[in-house]
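**Student:** So that we are looking at the same thing, I have put the structure below in structure tokens.
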Amino acid sequence: MSSGNVAVLMGGFSSERQVSLASGKSCADALEAEGFRVSRIDVTRDVATVLSELKPDVAFNALHGPFGEDGKVQGILEYLEIPYTHSGVLASALAMDKAQAKRVAAACGVPVADSLILQRGEIGNRHPMAPPYVLKPINEGSSFGVLIVDEDQANPPQSISSDEWTFGEKIMVERFIKGREFTCGVMDGTALCVTEIVPVGQKFYDFDAKYRPGGSKHILPAEIKPNIYQKIQSLAVQAHQAIGCRGVSRSDFRFDETLGEDGIIWLEVNTQPGMTETSLVPEMAADAGYDFGAFLRWMVEDASCLR
């Protein structure tokens, strides 16, 4: 594959379009530096026609959010018999639905926070559970639409019922876990290092903390007790396998130190983590000895159909 044609799929039409364009550009630049012939595709709804005419050797999926991360574009690639990176149709669709992913992970022994699913209009002016809790759309990424309700708030945020809300009608109401935020990547079924995420000037790891320069600090390897570190790695692999992920994934956790190992709570798995050189998973891969180009080369060589 040293001179193969890699189609880098980026952009798309989800809320995460700009994030995907950044990932796609970084990946395309690095893959060209590795010697691949790269076709940069800003995905529109005619992507099947574009790909069928281009006939790339591999599709590198740098899309984020609905259509790119939920099994739809994976289904198109399966139909066209174009090998692609990351997870397949079923795992992608399952991971994108936070509620269903939690049910599957919990059934496989992964600890999750108590939650319920409501239609947006059902939330109204009364707390659906005792605060503090988190409101999150069930199928968005990059923390779009995520709201934390504190103990002293008299009512749920009114933005949830606003006509300007654009993040879907189904809302997960999830018990807020006090403590620290950790994340752990999985590559080829093996855990990478654990990273602690420390937001700077933000209440939690929201969009600004993720993407604004200086919005967060990444501490890796995380400075925690060995048993906690290893437990997070083990749970990341367990969730990766339970959902049926392939290639690279990243699981996010909260940790209440007062409860020891019982304080580790899995939040979700991301099947299409950010892919700039300073994104979380590429940082973890670098800690494992893969520079950015080598990491992306591995992903291209790992690409397949029937994932």
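What follows is calculated from the coordinates using simple rules that are stated; it is not laboratory data. If you're wondering where the values come from, they're calculated on a predicted model, not measured in any experiment. Cβ atoms come from the backbone with ideal geometry, glycine included; neighbour counts cover every protein chain shown.
**Student:** With springs only between Cα atoms under 10 Å apart, run a GNM on the chain and tell me which of GLU196, GLU277, GLU151 wobbles the most.
**Tutor:** The residue that fluctuates most here is GLU151.
**Student:** Turning to a different aspect of this structure: Under 27 Å Cα to Cα from LYS136, which lysines show up? Leave out anything in the same chain fewer than 8 places away.
**Tutor:** LYS72, LYS98, LYS102, LYS170, LYS178, LYS203, LYS210, LYS217, LYS231
**Student:** Any chance you could tell me what percent of the C-alpha pair distances in the stretch 1-148 go past 26 Å?
**Tutor:** That tail contains 37 percent of the Cα-Cα pairs.
**Student:** Just name one of GLN230, PHE295, LEU259: the one whose Cα is farthest towards the positive end of the charge dipole of the chain (beta-carbon charges, Lys/Arg +1, Asp/Glu -1).
**Tutor:** Of GLN230, PHE295, LEU259, it is LEU259.
**Student:** List every residue whose amide H lies under 5 Å from the amide H of TYR84, counting only residues 5 or more places away in sequence or on a different chain, with H placed 1.01 Å from N in the peptide plane.
**Tutor:** Those qualifying (amide H under 5 Å, at least 5 residues apart or on another chain) are ALA59, SER304, CYS305.
**Student:** Rank GLY189, GLY121, GLY12 by mean-square fluctuation in a GNM of the chain with C-alpha springs under 10 angstrom and give only the top-ranked residue.
**Tutor:** Result for the chain, Cα springs under 10 Å: GLY121 fluctuates most.
**Student:** So between LEU118 and GLU301, what do we pick up on full extension, going 0.36 nm a residue minus the alpha carbon distance?
**Tutor:** Gain on stretching LEU118 to GLU301: 61.7 nm.
**Student:** Continuing with this model, one more query. D for the chain, whole µm²/s, Stokes-Einstein with Kirkwood Rh over alpha-carbon pairs at 37 °C and 0.692 mPa s: what number?
**Tutor:** For these conditions, the coefficient is 166 µm²/s.
**Student:** Let me ask something else. For the chain, what does -39500 (n - 2.57) per DSSP helix run (n ≥ 4), summed and divided by total residues, give at 222 nm, in deg cm²/dmol to the nearest 500?
**Tutor:** -9500 deg cm²/dmol
**Student:** Sticking with this structure for a sec: Given H placed 1.01 Å from N in the peptide plane, which residues other than close sequence neighbours of SER39 have an amide H under 5 Å from its amide H?
**Tutor:** Amide H to amide H, under 5 Å and 5 or more residues apart or across chains, SER39 pairs with VAL6, ALA7, VAL8.
**Student:** While we're looking at this one, here's another question. Arrange the peptides 181-188, 125-132, 32-39 so that the one whose residues have, on average, the most other Cβ atoms within 10 Å appears first.
**Tutor:** Highest mean packing first, the order is 181-188, 32-39, 125-132.
**Student:** Follow-up. Roughly what would the spin-label model give for ASP287 and LYS178, points 7 Å off Cα along C-beta, in nm?
**Tutor:** 2.7 nm
**Student:** Over all directions, how big on average is the projection of the convex hull of the alpha-carbon atoms in the stretch 75-192, in square nanometres?
**Tutor:** Mean projected area of the Cα convex hull: 9.6 nm².
**Student:** Ranked from highest to lowest mean number of other Cβ atoms within 10 Å per residue, what is the order of the peptides 171-177, 283-289, 43-49?
**Tutor:** Those peptides, ordered most packed to least, come out 171-177, 283-289, 43-49.
**Student:** Compute the helix-to-body angle for 98-107: its Cα long axis versus the longest principal axis of the chain, expressed 0 to 90° and rounded to tens.
**Tutor:** Roughly 80 degrees, rounded to the nearest 10.
**Student:** From the C-alpha coordinates alone, can you work out the Kirkwood hydrodynamic radius of the stretch 5-85, in Å?
**Tutor:** Hydrodynamic radius (Kirkwood, Cα only) of the stretch 5-85 equals 12.3 Å.
**Student:** Over its Cα atoms, what ratio of radius of gyration to 2.2 N^0.38 Å does the stretch 225-307 give?
**Tutor:** That works out to 1.21 for the stretch 225-307.
**Student:** So, counting K/R as plus one and D/E as minus one, what does the shell of residues with Cβ under 14 Å around LEU31 add up to?
**Tutor:** Once positives and negatives cancel, what remains is -4.
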